[in-house]
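The values are calculated or read from the model by the stated rules, or taken from the named source; none is laboratory data. Just so we're clear, the structure is a prediction, and the values are computed from it rather than from any experiment. Ideal geometry is used to build each Cβ from the backbone, glycine not excepted, and the neighbour counts take in all protein chains shown.
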Amino acid sequence: MAPNVASDSLQQKIKAGDASRLEIPVQTAYDSLCHDRKIVRAVWRIPVPVLYFCAFVSMLFAHIPATNMYEQGYAVSSTLATSGSDTVTTDSTMKFYNIGQISDVFDWLTDTFVPSVFITEDYNGKALTKDLWGRVAAFNKVLGAVNFQVTRKAIHTCITQPFLENLYPHCYDASNTTTEQKLISFDTPATDAIGKINALKAQGDWLDFSTEELLITIVTYNGELQGYAVTEMQLTFSEGGSVQTSSSTTPALSNPYSASLTTAADTIVLMFFLLALGTQLRRLYRYRRSGIRTLVCGDVWVVIEHASTVAVVAFYFVWISIVLLMYQKEFRNNLASLVVTGKNWASDAEARDRLYAVIDRLKAVAKLTVALRLIATLAIFLLSLRILKRFRFHPRLSILTRTVASALHQFGAFFVVFIVIFVTFAVSGTILFGDRVEEFSSLETAMETCINMLFGNFDYDSIQGLYAPVCMFYYWGYMIVVSLVLLNMMLAIVLDAYAEVSSESYKSQYNLAVTRIVDNMVWTCLLWMNDLVRCKSRKNKRDVSARTAPQIGETIRPQLNFAELDRADVVFRGRIRPWLLERGLSAMLEQKEETQTGNLTPRMLMEMFPSASIQESEARATLQHIMDGFVRPNSSNSDAHNGEQQSKDEDETVHSAYVVRQGLNITDTVTPTEDTD
């Protein structure tokens, strides 16, 4: 093909410029423009999942005010479920977690529990007003009454060896139980409540050998924080003779939509949810022919997107269930009836039914609240992974996910070995120390203890001296094999994967510096605003596309309509519009078999748009910007991250992406060379 001959006016423009001239292969220039376009689009996609995540988190803090719930729950639990290791004296009161036998239960009830719950007088002994009766920790009012539920086991003849029948004739069947409930009203004075507890103690059969469990349920309302709290204090009398104590306090909001901010947060989350759902449905429709399995489970990131959508739906399903339960008229009427004083709970069956209905409803709300928190936690993790998905375009921002993915391929065999050794030590610990040490009393607790040993959270004194020197061999064998060897092997796998991924991250020929990405984004944004102001962001782009795109039924256009484009359609802020130049280079590459397209020069850019009156400085700036899209071979940043100097072959490979020629004058001609990419 004969070289292009510039016109006289074009030659004057080039003579007025710098003597040096830039060249870059057309294919390389096209790849750079495509890469910049994809990077800008990828960066613009980041704010949506970030804002979605922030909106969801804001909504969570509106629906689940953790600070207020903690204050309410801690005040109630610390007052009722007391614990302590202080020196026991004659004046010491029994703590809940120090209960060790049946007699301790009555001591705790009369000395600690009753004075903390049945409050009708202040600390000076003066009578309080009725609205202040039954307040736990000052602001948590007991609703209705305190429920004491005792579960008893049926007695039966022990199944044992004949010579032991007379020694231990009767046993208790845990599969055949009965329950009994006692109610003490919130307005009962402490002295009267203590009298009722002592009366139960005097009976001798309220708590005895057949007792399996004592469950105390207290429902409170805090008007300062507008929340309920369901407190369950459980004492389990094990078959071994010990008393196991446990307590749980679950707060819940009394008015889920007391603030307008909550509704606004739900609305914003709904908008982002619909946007994400629409994107997923559009993708499913676009690739519907690839199969449902490929669409739903084809890629781990696709699974994460679908899972996050399901998690958000599940969260709001549980949340709406809680709201409906709290706003039911029957529940509110039953709740209002509990504040009436002077009720006889033993004879008033209707009052008991109302109280039990409120307790059951609030227990259900408490369980749903726990489920809501678990689902919210899962949703937060999945939404954060959606953000990490948007970082895949950048080799350094995605280094964490790629390192984990690379390491997981090597973890398969390692985990098999690790689990075998870990379970071996857990079972051995249970067999050796299970009868004497609580940390190894069951296989589950032994596995938890072995995990704690890995992180140094284990007291060796608890097994020291047991079956010496077996305990020493067990402990140090576990620490050497699992902690020192296996954990370091796992760390080595992760470090090898990181080194491999990190080295690949800095070998990219494209320039992924933040400054370039920001520059492209700002330039694109300004271009969009400029076209919007000129009311041409759509109309002009369609017009330009119509003049530059191939006609219907035409695969290759011998002559493109770039000559019809004026300066405003081509040049913006000293550079040629990237998308327009990309289309032009694409057309040139389609014709390369005929034209043997070679290197792109400023002169070619000026000739490509003759009606745009492109200045040489603008053409050179455009070409220089394209060349800056590649990492220069002597980049100190690349050397610093790679940790070693690039070899000569690598320099030549990167350097071939662009060529800078010096000293060419106007008489030089461009001889296109065949593209070798």
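In table form, for the structure just shown:
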item	result
Residue check for ILE322: in contact with a strand residue (DSSP E or B) (Cβ under 8 Å, 6 or more places away or on another chain) and among the hydrophobic types (A, V, I, L, M, F, W, C)	yes
Helices (runs of 4 or more DSSP H) fully within region 59-133 counting 3 or more residues that are closer than 19 Å to ALA145 by Cβ	66-80, 114-117
Residue list for region 63-78, restricted to those being surrounded by fewer than 17 Cβ atoms within 10 Å (Cβ to Cβ) and hydrophobic (A, V, I, L, M, F, W, C)	ALA66
Hits in region 244-269 (condition: surrounded by 16 or more Cβ atoms within 10 Å (Cβ to Cβ) and within 30 Å of TYR172 (Cβ to Cβ))	THR245, SER247
Residue in region 279-287 that is in contact with a helix residue (DSSP H, G or I) (Cβ under 7 Å, 6 or more places away or on another chain), modelled with pLDDT under 95, part of a helix (DSSP H, G or I) and of a type outside the set (Lys, Arg) present	yes
From ASP208, ASP173, residue being in a strand (DSSP E or B), over 44 Å from the mean Cα position of the chain (by Cα) and either over 30 Å from ARG354 (Cβ atoms) or assigned by TED's automatic domain parsing to the domain that holds ALA357 (or both)	ASP173
Number of the condition not met by LEU495 [criteria: (1) outside the structural domain of ASP36 (by TED's automatic domain parsing); (2) touching a residue at least 12 places away in the same chain (Cβ under 8 Å); (3) within 30 Å of LEU388 (Cα to Cα); (4) not small (Gly, Ala, Ser)]	(2)
Looking only at region 511-551, and only at residues there that are at pLDDT 75 or above and closer than 19 Å to ARG583 by Cα, the one that is surrounded by the fewest Cβ atoms within 10 Å (Cβ to Cβ)	TRP528
Helices (runs of 4 or more DSSP H) fully within region 409-510 counting 3 or more residues that are among the hydroxyl-bearing types (Ser, Thr, Tyr) and surrounded by 15 or more Cβ atoms within 10 Å (Cβ to Cβ)	470-478, 487-505
The listed residue being in contact with a strand residue (DSSP E or B) (Cβ under 9 Å, 6 or more places away or on another chain) and among the hydroxyl-bearing types (Ser, Thr, Tyr), out of TYR356, TYR316, TYR327	TYR356
Residue match in region 393-401 (condition: aromatic (Phe, Trp, Tyr), in contact with a Lys or Arg (Cβ under 8 Å, 6 or more places away or on another chain) and surrounded by 15 or more Cβ atoms within 10 Å (Cβ to Cβ))	yes
Failed item in (1) modelled with pLDDT of 90 or more; (2) surrounded by 20 or more Cβ atoms within 10 Å (Cβ to Cβ), with ALA154 passing the rest	(2)
Region 609-625, subset more than 19 Å from MET588 (Cα to Cα) and of a type in the set (S, T, N, Q), residue farthest from the chain's Cα centre (by Cα)	SER613
Which numbered condition VAL243 misses (of (1) in contact (Cβ under 8 Å) with a residue 12 or more places away in the chain; (2) under 21 Å from ARG390 (Cβ atoms))	(2)
Flag if GLY465 is more than 36 Å from the chain's Cα centre (by Cα) and not hydroxyl-bearing (Ser, Thr, Tyr)	yes
Condition met for GLU224 (over 28 Å from the mean Cα position of the chain (by Cα), among the acidic types (Asp, Glu), within 26 Å of ASP104 (Cβ to Cβ) and not assigned by TED's automatic domain parsing to the domain that holds LEU383)	no
Some residue of region 34-42 being in contact with a Pro (Cβ under 8 Å, 6 or more places away or on another chain) and modelled with pLDDT under 90	yes
Residues satisfying the stated conditions in region 125-174, i.e. under 30 Å from VAL219 (Cα atoms), β-branched (Val, Ile, Thr) and touching a strand residue (DSSP E or B) at 6+ places or on another chain (Cβ under 9 Å)	VAL136, VAL142, VAL146, VAL150, THR151
Unmet requirement for TYR52, which otherwise passes all of (1) in the same structural domain as ALA202 (by TED's automatic domain parsing); (2) in contact with a Leu (Cβ under 7 Å, 6 or more places away or on another chain); (3) among the hydroxyl-bearing types (Ser, Thr, Tyr)	(1)
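So that you can scan it fast, the table gives a plain yes or no per residue for (1) farther than 30 Å from THR401 by Cα; (2) in the same structural domain as SER185 (by TED's automatic domain parsing); (3) outside any helix (DSSP H, G or I); (4) free of Cβ contacts under 8 Å to residues at least 40 places away in the same chain:
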site: VAL312; (1), (2), (3), (4): no, no, no, no
site: ILE320; (1), (2), (3), (4): yes, no, no, yes
site: VAL323; (1), (2), (3), (4): yes, no, no, no
site: PHE331; (1), (2), (3), (4): yes, no, no, yes
site: GLY342; (1), (2), (3), (4): yes, no, yes, no
site: SER347; (1), (2), (3), (4): yes, no, yes, yes
site: GLU350; (1), (2), (3), (4): yes, no, no, yes
site: ARG373; (1), (2), (3), (4): no, no, no, no
site: THR377; (1), (2), (3), (4): no, no, no, yes
